[in-house]
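Engineer: Below you will find the structure I want to go over with you.
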Amino acid sequence: MNREEVNWLLQTIEDAKAAERFVLAQYERGRISIQVMAEVTRQRGWINRSANRFSMRQSTNYATTELPIAIAC
């Protein structure tokens with residue numbers, strides 16, 4: 001499935017959280033690539049750029065994004 005197909009399908013989902021779950025499920029099942037998932041999440045603004053997993057605070061809690069995404073560079 002490419003980005004255009006995913007976006008077309010997402011137009012039928014009214015709830016934003018359900019749309020996020022749909023994209024993550026498609027990735028987990030191998031139906032879309034990490035690149036397509038990253039493009040769609042960026043395009044729809046689902047990535048919380050202010051979240052910082054490597055906080056300087058001494059804490060056992062981690063800040064997380066709306067969709068847990070790990071992209072290897």
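Engineer: Given H placed on each backbone N at 1.01 Å, which residues far from I32 in sequence or on other chains put an amide H within less than 5 Å of it?
Structural biologist: Y27
Engineer: For S33 and D15 in the same chain, what is the full-extension length gain: residue separation times 0.36 nm, less their Cα-Cα distance, in nm?
Structural biologist: Length difference between fully extended and current span is 4.2 nm.
Engineer: Can you work out the Karplus-derived ³J(HN,Hα) for every residue in segment 3-11? Use 6.51 cos²θ - 1.76 cosθ + 1.60 with θ = phi - 60°, whole Hz, and x for glycine or proline.
Structural biologist: 4, 5, 5, 4, 4, 4, 5, 5, 5
Engineer: Also, quick follow-up: Express in nm, to one decimal, how much length is gained between A25 and R3 on full extension, taking 0.36 nm for each residue of separation and deducting their alpha carbon distance.
Structural biologist: 6.4 nm
Readers should treat all values here as calculations from the given coordinates under stated rules, not as data from a laboratory. Treat the numbers as computed from the prediction; the structure is a model and nothing was measured.
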